[in-house]
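Presented below is the structure to which this report refers.
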Amino acid sequence: MKTNALLAFFFFLVSLFASARADFVRDSDGHLVSNGGTYYIMPQYCTVAAIVGASIQNPDDSCSLAVVEMLSHNIGNATLIESKVVAAHITTDYPLQISFNPLPSNPCTKHSQWLVTMDEDFKQKAVMVGDTSAFDNPVSSRFYFRAYDSRRHLYKLVFGLDPYRCGEIAVKTDGYNNKRLIVAEEQDVPLVFTLVKKSGDGAASHISMVV
Ligand SMILES: *[C@@H]1O[C@H](CO)[C@@H](O)[C@H](O)[C@H]1NC(C)=O
């Protein structure tokens, strides 16, 4: 009995510790981010920047779709945010799959999944879009959200083996003047953003609950 009580207390402590670090992710309106919801990733420090898919020319004349920050008054290209964890809402502990939804029209790929590859030309681990088999050096880790300023619903995207051993996703200009999303090394500026829910995406059910 006594051992059981001790064990229970131990697991209670572990769960306290674990839950103290994980947090629900909230969108720009303060609503919980849905597992399987569609959101725009909106850069915070520049009101005229958007996250979009852009075609990048490869040395062999083929092209690849990269994820870039672009100066634009447009809201950018929406992303589907999903976790395999069976849960309705995303937390900062859940590994994420991110994909463009819909895929921006491009001549390079029909796959909308975001992935990270070592870009030999750019010499950076860069965020790309497509089928892993189309890339020479895909990195098999996961995206996570990391709270930056919870009160203002600001987050960073990180990439790694688990939420606490991750590189931050940052913005860095490549040799062709594209502001690419990359896995940060020192001195790279992390991307800080808020998630803006795509209107029409589950918003109707939210409104009908109020009625
Ligand atoms: C992606 O973003 C670009 C640049 O703002 C825009 O022109 C294009 O219509 C967007 N495509 C989709 C599918 O959202």
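The values are calculated or read from the model by the stated rules, or taken from the named source; none is laboratory data. Values in this document were obtained by computation on a predicted structure and should not be read as measured data. Quick reminder, even Gly has a Cβ in these numbers, built from the backbone with ideal geometry, and neighbours come from all protein chains shown.
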Scan the range 46-57 and give yes if some residue there is within 16 Å of the ligand (Cβ to nearest atom), in contact with a His (Cβ under 9 Å, 6 or more places away or on another chain), of a type outside the set (Val, Ile, Thr) and within 15 Å of residue 179 (Cβ to Cβ), otherwise no. yes
Residues being part of a loop (DSSP other than H, G, I, E, B), more than 18 Å from residue 144 (Cβ to Cβ) and without any contact (Cβ under 8 Å) to a residue 40 or more places away in the chain - total across the range 161-184: 1
Among the residues of the range 62-72, is there at least one that is surrounded by 14 or more Cβ atoms within 10 Å (Cβ to Cβ), of a type outside the set (A, V, I, L, M), within 15 Å of the ligand (Cβ to nearest atom) and modelled with pLDDT of 95 or more? yes
Considering only the range 55-71, state which residues are out of contact with any helix residue (DSSP H, G or I) (no Cβ under 8 Å at 6 or more places or on another chain) and either under 20 Å from residue 190 (Cβ atoms) or not in a loop (DSSP other than H, G, I, E, B) (or both). 55, 56, 57, 63, 65, 66, 67, 68, 69, 70, 71
Within the range 180-203, track down each residue that is closer than 19 Å to residue 118 by Cα, surrounded by 19 or more Cβ atoms within 10 Å (Cβ to Cβ) and of a type in the set (D, E, K, R). 180
Given the criteria among the aromatic types (Phe, Trp, Tyr), under 23 Å from residue 54 (Cα atoms) and modelled with pLDDT under 95, does residue 193 qualify? no
Here are the criteria: (1) over 15 Å from residue 34 (Cβ atoms); (2) more than 10 Å from the ligand (Cβ to nearest atom); (3) surrounded by 15 or more Cβ atoms within 10 Å (Cβ to Cβ). Tell me which single one residue 107 does not satisfy. (3)
Residue 29: passes all of (1) more than 16 Å from the ligand (Cβ to nearest atom); (2) within 17 Å of the chain's Cα centre (by Cα) but (2)
Complete set of residues in the range 110-128 that are in contact with a Phe, Trp or Tyr (Cβ under 6 Å, 6 or more places away or on another chain) and either more than 20 Å from residue 171 (Cα to Cα) or within 15 Å of the ligand (Cβ to nearest atom) (or both): 112
Taking the range 73-92, which residues are within 16 Å of the ligand (Cβ to nearest atom) and assigned to a loop (DSSP other than H, G, I, E, B)? 73, 74, 75, 76, 77, 78
Out of the range 116-141, which residues are farther than 18 Å from residue 176 by Cβ and buried (at least 19 other Cβ atoms within 10 Å of the Cβ)? 116, 130, 141
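Each row is one residue, and each column tells you yes or no for (1) of a type outside the set (A, V, I, L, M, F, W, C); (2) in a loop (DSSP other than H, G, I, E, B); (3) modelled with pLDDT of 60 or more.
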site	(1), (2), (3)
6	no, no, yes
12	no, no, no
18	no, no, no
28	yes, yes, yes
39	yes, no, yes
45	yes, yes, yes
53	yes, no, yes
Considering only the range 142-155, state which residues are farther than 19 Å from residue 82 by Cβ and either surrounded by 19 or more Cβ atoms within 10 Å (Cβ to Cβ) or in contact with a helix residue (DSSP H, G or I) (Cβ under 8 Å, 6 or more places away or on another chain) (or both). 153
